[in-house]
Amino acid sequence: MATLGVNIDHIATLRQARREDEPNPLEAARIVEKAGAHGITVHLREDRRHIQDADVIALRKKVKTRLNLEMAATEEMIRFAIKIKPDQATLVPEKRQELTTEGGLNLAAAPERFEKAIDRLQAKGIPVSLFIHPDPQMIKLSAWFGATFIEIHTGEYSRALREKGSAKKELAEVIEGARLAKEIGLRVHGGHGLTYQNVLPIAAIPEMEDLNIGHNIIARASMVGLEKAVKEMLALLKKAKRGGKK
Ligand code: PXP
């Protein structure tokens with residue numbers, strides 16, 4: 001069975017919308033772990049739009065399963081990761097204007113930068129995962145650079161299913177990519193755009209060790225939790241009507 005890492009960035013998105021102190025990512029991580037997930041993932045973006053440095057520092061102290069820090073391969077982030085020591089660092093491309101991580105890394109564009117980043121992190125005992133499309137060239141470069149894991153970008157698969165109703169080609173690419181990666185010594189993770197509706201074929205890939213899922217789980221949590229939240233508030237209002245008596 002593939003393990004589950006839950007990306008809790010959007011708990012922080014909601015908090016940052018009001019710049020208040022709730023909902024709290026630390027409390028979210030506690031609930032996610034209690035529910036049985038195998039890891040907590042957060043993306044500390046350059047623009048700090050959701051997760052903040054202090055969140056990662058607090059999570060490092062409290063997360064009992066596995067803390068996966070998604071980050072750009074910049075000097076600032078490499079230094080931060082080395083200081084915090086997450087259980088895993090996932091290098092991702094980052095563009096300021098994007099709504100979410102849109103593409104996979106283009107490792108061929110700056111091979112020395114990626115190789116150095118991987119070396120520096122892994123030398124400090126932080127295994128590195130590279131977020132890439134299931135492109136054989138990127139997979140081979142990941143192994144060449146000595147990364148421990150790749151995270152196969154499942155966004156194309158997810159988009160094809162949503163927009164065309166079929167993702168045969170995209171699923172075959174993920175399956176082939178996972179096979180090639182394992183063959184050349186990489187461990188395989190997957191993520192992006194996975195949902196309750198589309199996760200099964202990806203989770204069934206034998207080489208797939210771990211899936212990172214964020215938006216869809218947090219979105220569903222807000223729906224399945226809404227009834228309870230409204231009932232709690234109504235109960236309080238009723239209590240006030242009775243002058244605070246039970
Ligand atoms: N994996 C990586 C590398 C990501 O950047 C993201 C989005 O932050 C995810 C997985 C989770 O994607 P989603 O929120 O679509 O489940």
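The values are calculated or read from the model by the stated rules, or taken from the named source; none is laboratory data. Everything numeric in this text was worked out from a predicted model, so none of it was measured. So basically every Cβ, Gly included, is an ideal-geometry build from the backbone, and we count neighbours across all protein chains shown. Surface areas here come from the heavy atoms of the whole protein model, side chains and all, with no ligands, DNA or RNA. Shrake-Rupley method; radii C 1.70, N 1.55, O 1.52, S 1.80 Å.
Measuring with a 1.4 angstrom probe and ignoring ligands and nucleic acids, residue 231 comes out at about 120 Å² accessible. Bridgeable lysines around residue 231 (alpha carbons under 18 Å apart, same-chain partners fewer than 8 residues away excluded): 239, 241, 245, 246.
Each Lys or Arg adds one and each Asp or Glu subtracts one; over the other residues with Cβ under 11 Å from the Cβ of residue 1, this totals -2.
Accessible area of the chain with a 1.4 Å probe: how many percent of it is carbon plus sulfur?
Values: 7680 of 13540 Å².
Answer for the chain: carbon and sulfur cover 57 percent of the accessible area.
What shape does region 1-75 take by its C-alpha gyration tensor, where a ≥ b ≥ c are the square roots of the eigenvalues and a/c under 1.5 counts as rounded, a/b above b/c as prolate, and the rest as oblate? Before the final figure, lay out each step's value.
Numbers: a/c = 1.88, a/b = 1.25, b/c = 1.50.
Verdict is oblate for region 1-75.
In summary, region 124-200 shows an alpha-carbon radius of gyration equal to 1.13 times the 2.2 N^0.38 Å reference for compact globular proteins. Per residue, the chain exposes an accessible area of 55 Å² to a 1.4 Å probe, with every protein chain left in place.
Between helix 111-123 and the chain there is an angle of about 60 degrees, using the helix long axis and the longest principal axis of the Cα atoms.
From the square roots a ≥ b ≥ c of the eigenvalues of the alpha-carbon gyration tensor of the chain, which class results: rounded (a/c under 1.5), prolate (a/b over b/c), or oblate? Write out the running numbers ahead of the final one.
Details: a/c = 2.27, a/b = 1.57, b/c = 1.45.
Because a/c hits 1.5 or more and a/b exceeds b/c, the chain counts as prolate.
If N is the number of residues in region 164-206, what value comes out of its Cα radius of gyration divided by 2.2 N^0.38 Å? Mind showing how you got there, number by number?
Details: Rg = 11.0 Å, N = 43, 2.2 N^0.38 = 9.2 Å.
My calculation over the Cα atoms of region 164-206 gives 1.20.
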